[in-house]
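Comments concern the structure below.
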Amino acid sequence: MYMPFLIGVLLYIVYKLLFKSLYVINQNERAVKTVFGRADRIKDTRDETQAFREDEKERYNFPKLRVIQPGGPYFKLPWEKIHRVSVATSTLDMAYDPESPEANKNNTVLEAVTKDQLNIELSGQIRYRISENNIYAYLFGVKRPIAHVMGYFVSVLRERIANFEGKRSGEDSKDEILQGAGSISINDLRKNLRDINEHMDRECSVSQDRYGVVLEASLITGIEPPKEVEAALAAINTAHNEVSSDISLAQAAADQKIVQSKRAVEIETLKAESETEGLNLLFKELEALKKSGGETALKAYVKNAKLTLLDFTKSIYRKE
């Protein structure tokens, strides 16, 4: 009478122990085992942490866990639990808000304010992956790590946009007119997207130690002004381009005149040097003639020179 019941209980235990206790970890997964809710630890603190402030060291100094690598089948006891995470690189829109699908215009664009009080719309993506070296922070450190990471990323990005100042080129720094026309912050932002992306990568490198998420890259692809000021900005850009063109033409003409003036000075200098050289040679010849023939030879030379000049003379005026 009790035999079927005992067989059923035995089969259930075998099922729980064998089938439910065997598991496999996929190639893009990592896993952590907990025993009665406590994670299997290698040591209680991590060594490779960022240089946190004193008030942050205790908060973010998470233990290092024993990570189960891909493979299997592995065995676990009924009171043990396996927590899986995907370590594959994922992509998110930078306007994504995991707690509010309606935020940021339905998670499509991110709004920010520039230094000149202009509201702009940012679009782009970020690439991230779960850190295998700090998997405790992702699983147990915060309740919603992606929400924390996105909030941190957005706050850093908005702070950068609000304090960003464009780098002026050498030509702009030479002319006050271009300095005044080049103070349009949205144009500076568009021209320096690469610098902004690199700044975000550096500032967000602490997310691995804080939240267990590695931000591999941020890519801002679009910066758009509000519709009501877009036409005004286009007009300002057109005026700026015209001023730049006029100044470039004027500078080119001035440079050309300077080159021509330098060339004319060089020509006149060469002429003067050639005439001076001729006079110096004549002086040396006359001096040698005087030494060899005396005053008589010198007077004869002058007389012959005067006769030579008579060939070119058209009129002679004699004083009575």
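Please treat every number below as a calculation from the coordinates, not as lab data. Just so you know, these numbers come straight off a predicted model, no measurement behind them. Neighbour counts are summed over all protein chains in view; Cβ atoms, including those assigned to glycine, are modelled from backbone coordinates with ideal geometry.
For Ala103 and Ala250 in the same chain, what is the full-extension length gain: residue separation times 0.36 nm, less their Cα-Cα distance, in nm?
That pair, Ala103 and Ala250, stretches by 47.8 nm at full extension.
Annotation: the residues Val142, Val214, sorted from fewest to most other C-beta atoms within 10 Å of their own C-beta, follow the order Val142, Val214. Using the Cβ-Cβ distance between Glu54 and Ser21 with R0 set to 45 Å, the FRET efficiency works out to roughly 0.50. With a Cα cut-off of under 24 Å and a minimum spacing of 8 residues unless on different chains, the lysine pairs in the stretch 89-225 number 6.
Computed from the C-beta positions of Thr296 and Arg263 and an R0 of 56 Å, the FRET efficiency is 0.70 to the nearest 0.05.
Maximal additional length on extending the Arg66-Lys314 stretch stands at 77.6 nm, based on 0.36 nm per residue less the C-alpha distance. Computing FRET efficiency as 1/(1 + (r/R0)^6) for Asp93 and Asn163, where r is the C-beta to C-beta distance and R0 is 22 Å, gives about 0.35. Extension gain, Leu193-Ala217: 0.36 nm per intervening residue step, less the Cα-Cα distance, totals 7.3 nm.
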